1. To one decimal place, what Kirkwood hydrodynamic radius in Å is obtained for the stretch A:54-181 from all pairs of distinct Cα atoms?
2. How large is the dipole of the stretch A:21-68 about the Cα centre if only Lys and Arg carry +1 and Asp and Glu carry -1, each at its Cβ, rounded to the nearest 20 debye?
3. Of A:105, A:123, A:167, which is farthest along the charge dipole of the stretch A:71-222 in the positive direction, counting Lys and Arg as +1 and Asp and Glu as -1 at C-beta?
4. If a/c stays under 1.5 just call it rounded; otherwise compare a/b with b/c (prolate if a/b is bigger, oblate if not). Do that for chain A, with a ≥ b ≥ c from the square roots of the Cα gyration tensor eigenvalues.
5. What residue among B:90, B:42, B:22 shows peak mean-square fluctuation when chain B is described by a Gaussian network model with Cα springs under 10 Å?
6. To make sure I understand, if each residue's beta carbon is the centre and we count other beta carbons within 10 Å, what order do A:221, A:207, B:116, B:96 fall in, fewest to most?
7. May I ask for the percentage of alpha-carbon pairs in the stretch B:41-121 that lie more than 16 Å from each other?
8. Please arrange A:63, B:93 by how many other C-beta atoms lie within 10 Å of their C-beta, fewest to most.
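No lab work stands behind these numbers, since they all come straight from the coordinates. Keep in mind that this is a model prediction, so the values were computed, not measured. All Cβ positions, even for glycine, are placed from backbone atoms using ideal geometry, and neighbour counts span all protein chains on display.
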Amino acid sequence: VSASSIGRLVMLFLVRWSRYNPYYLEPEPRKELYNMPETELTTEQKEERELKAVRPIKATTNSTTSSVFNDPVLSKFVNMMMRDGEKILARGILTQTLESLKRKQVEKYHKAPQGKKAEIECNPYAIFHQALENCMPVIGLASIQKGGKFYQVPVPLTDNRRRFLAMKWMITECRDNKNRRTLMYEKLSQELLAAYSKEGNVIKRKHELHKMAESNRAYAHYRWW
Amino acid sequence: MAMQSGTALQEKVSRMLSKNQKKPLLKPNKPLVLKDEVANRKMNKGEATCVTEMSMMMACWKQNNFVDALCSNEMQSFYKCVEKAQIAKKGKSEQHTIGQGGRLAPKQVNTLLKRHPTLQTEI
């Protein structure tokens, strides 16, 4: 079930964003879980399977697949880059970014001397994940009111929030500090490579956040959670 | 017994409202009726968790000029502390909803009051 094309009226019932009855279960797209033999299941998983035979299941979004190339982190990044619902454009930019990453790395690989060849990472997915991990802040700031004034208090962040901040910083940095003539995928690949080697503006922004948190460490006791 | 104390209270209230004897003590702009819900409030104010781990990590950052690779031990311990704190918070909130040490939780009181609200009309 998918929309025919962008711009035309969608002639189907959009069910995903209406409020499902709470007894609908979440869908499971990963194939490995279904290929496991009976013996390896724990009691919880066996119960889940029995429940799935009885209860209805929610519809998945269009972008979830059970293929090996389905990466939730990449899908989230594509959604964050998307503007005006143009998923094809956003996904195209991401594929071009991964391709240009691969090209640059393979070029470096061929130019490198024999000893250094093993250190160069050619897998663009690995580079993307490592770059994103290097951009994730460890600690964040929260605005807390105490005695009429607002203080920036250092606060631990959840994993989702950290991932979101890393992706957001990456995208805003590539959009704002871009030359007029460079394309988005070009700028993204440059930033990702810089983040992979822990340089560049996004890493600088992360360090600035850490410095702010460090300078405000006296207010850490204003937290109540 | 309850009816007697109820009527005594009503007499006191009507005396406070009346203009016969003295100046009325109460001048209510809305009818004196209780709401069918209770305020949601938490008695114990919590404290900041993982402050020691955080300060150790920040000291390490200060020393190493915010390079993350040299502070990985402190960061790992900070993450573990944060995880433990989150689990503890979840367990505590579950315990909160189940029992409240002699009193009902505000949510439970509200469901009860919703089932038996103040009568608007005479039956």
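1. Working: mean 1/r = 0.0555 Å⁻¹.
This gives a value of 18.0 Å.
2. Working: 7 positive and 9 negative charges, 52 e Å.
With Lys and Arg at +1 and Asp and Glu at -1, about 260 debye.
3. Farthest along the dipole direction, towards plus: A:167.
4. Details: a/c = 1.56, a/b = 1.17, b/c = 1.34.
Since a/c reaches 1.5 but b/c is at least a/b, the shape of chain A is classed as oblate.
5. Taking springs between Cα atoms under 10 Å, the residue moving most is B:22.
6. Working: A:221 11, A:207 17, B:116 8, B:96 14.
Least crowded to most crowded, the residues run B:116, A:221, B:96, A:207.
7. Working: 2176 of 3240 pairs.
Here the long-distance tail beyond 16 Å is 67 percent of all Cα pairs in the stretch B:41-121.
8. On the way: A:63 14, B:93 9.
Ranking A:63, B:93 by Cβ neighbours within 10 Å, fewest first, gives B:93, A:63.
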